[in-house]
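So the structure is just underneath, and the comments pick up after that.
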Amino acid sequence: MSILLTHPCPSPTPGGGPLPLTNSLILLGEGRTLGQEMRNKRPHSEEAAQTCFWPIRITSKLPDTMVHFTTEEKAAVASLWAKVNVEVVGGESLARLLIVCPWTQRFFDSFGNLYSESAIMGNPKVKVYGRKVLNSFGNAIKHMDDLKGTFADLSELHCDKLHVDPENFRLLGNMILIVLATHFSKEFTPQMQAAWQKLTNAVANALTHKYH
Amino acid sequence: MLTAEEKAAVTAFWGKVKVDEVGGEALGRLLVVYPWTQRFFESFGDLSTADAVMNNPKVKAHGKKVLDSFSNGMKHLDDLKGTFAALSELHCDKLHVDPENFKVSLWNPQCSPSSFYGQAHVMRRKLNGRTQFRMEKRYSG
């Protein structure tokens, strides 16, 4: 991965103007070309160079940023996961997504009757697919140090074949949290919620990683 | 806008919510789960651990205040814009709160499990969306 560093102008314009920032980093994903960004952002005149920000390219490669889970977070996630009935929680999470965010039903045209809340909650295909999705989460929990690698194939599938807007991964993650909270209200302390929120966010990001 | 059925469902559900307790817990969870939000509450004292946050009296008091506001919104479902106008200005012009935080703060699934089900969830999400939209109104102007 390469990075672009935005460099503040050496002296602010008289009478004000943009406040100089401390150096800010723009991280670019692999495959993005820097050339276009450089051409767009290079100041076009001496005056502009004094008053605007322009990028400086740093050529050294940096490793991909990875989400790091603490030992406590991993333990918290694992302790709740051990109690989860994958079919029940998975099915209910997917059903809630289809009910609460009804536009998501467009991805499940082949699932039959999705015309009412009770139809969705009782739909066997929803339950099966919800279980499949949550089994994927179970896999994530076994590989919390390498979510991007774990979800690489699924990410490509959701981008290239299924054409799913990545925002839906976050929505489904939130549904999973809600179902966990309703099923395990005693265990779902703020710390537990924080650990699981971090996991669902990280899984959503990992699923988005191969999008282009 | 919410339909008559949606309003009835939300209002019925809200009747079961212990506003005093839920507000404080919701705000506490916000500060624990999304720690960057603590920057708005530097005067609240000890927020160093989850237990400190959840037991902090200022967090509980402010949480109750926020949820009372939500309750007020529930009484004026036909005029959320007017109801939240002053608060929207306050959060934009004085408090400088990123509107994204309204979304994460309203999304807090801590209610009695059996009540937080199905249609109630839909209504809540819709109400949250409308409330959030009205809070953001001042920012776009």
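Tabulated values for the structure
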read-out: Hey, A:Lys210 at pLDDT below 90 and part of a loop (DSSP other than H, G, I, E, B) or not; value: yes
read-out: Where B:Thr83 falls short, out of the listed (1) surrounded by 13 or more Cβ atoms within 10 Å (Cβ to Cβ); (2) without any contact (Cβ under 8 Å) to a residue 12 or more places away in the chain; value: (2)
read-out: All positions within the stretch A:195-212 that are of a type in the set (S, T, N, Q) and either facing another protein chain (nearest Cβ under 10 Å) or more than 28 Å from B:Gly23 (Cα to Cα) (or both); value: A:Gln197, A:Asn205, A:Thr208
read-out: Residue list for the stretch A:116-155, filter: acidic (Asp, Glu) and either closer than 22 Å to A:Trp81 by Cβ or under 16 Å from the mean Cα position of the chain (by Cα) (or both); value: A:Asp145, A:Asp146, A:Asp153
read-out: Filter result for B:His62 (within 13 Å of the chain's Cα centre (by Cα) and away from every other protein chain (no Cβ under 13 Å)); value: yes
read-out: Selection status of A:Leu172, within 27 Å of A:Glu72 (Cβ to Cβ), at pLDDT 90 or above, surrounded by 15 or more Cβ atoms within 10 Å (Cβ to Cβ) and under 16 Å from the mean Cα position of the chain (by Cα); value: yes
read-out: Qualifying residue in the stretch B:37-57 (condition: free of Cβ contacts under 8 Å to residues at least 40 places away in the same chain, among the β-branched types (Val, Ile, Thr), within 14 Å of chain A (Cβ to nearest Cβ) and not in a helix (DSSP H, G or I)); value: yes
read-out: Any pair with Cβ under 6 angstrom, 6 or more apart, that starts in the stretch A:194-211 at a residue that is buried (at least 20 other Cβ atoms within 10 Å of the Cβ) and ends at one that is of a type outside the set (D, E, K, R) and not in a helix (DSSP H, G or I); value: A:Ala202/A:Val67; A:Ala206/A:Phe151; A:Leu207/A:Phe151
read-out: Residue within the stretch B:57-75 that is touching a Lys or Arg at 6+ places or on another chain (Cβ under 6 Å) and modelled with pLDDT of 90 or more present; value: no
read-out: Search result, residues across the stretch A:73-125 that are within 15 Å of A:Ile176 (Cα to Cα) and touching a Lys or Arg at 6+ places or on another chain (Cβ under 6 Å); value: A:Val86, A:Glu87, A:Gly90, A:Gly91, A:Val100
read-out: Qualifying position, being closer than 28 Å to A:Pro190 by Cβ, in contact (Cβ under 8 Å) with a residue 12 or more places away in the chain and away from every other protein chain (no Cβ under 14 Å), among B:Val17, B:Val10, B:Val22; value: B:Val17
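The values are calculated or read from the model by the stated rules, or taken from the named source; none is laboratory data. No experiment lies behind these values; they were computed from the predicted model shown. So basically every Cβ, Gly included, is an ideal-geometry build from the backbone, and we count neighbours across all protein chains shown.
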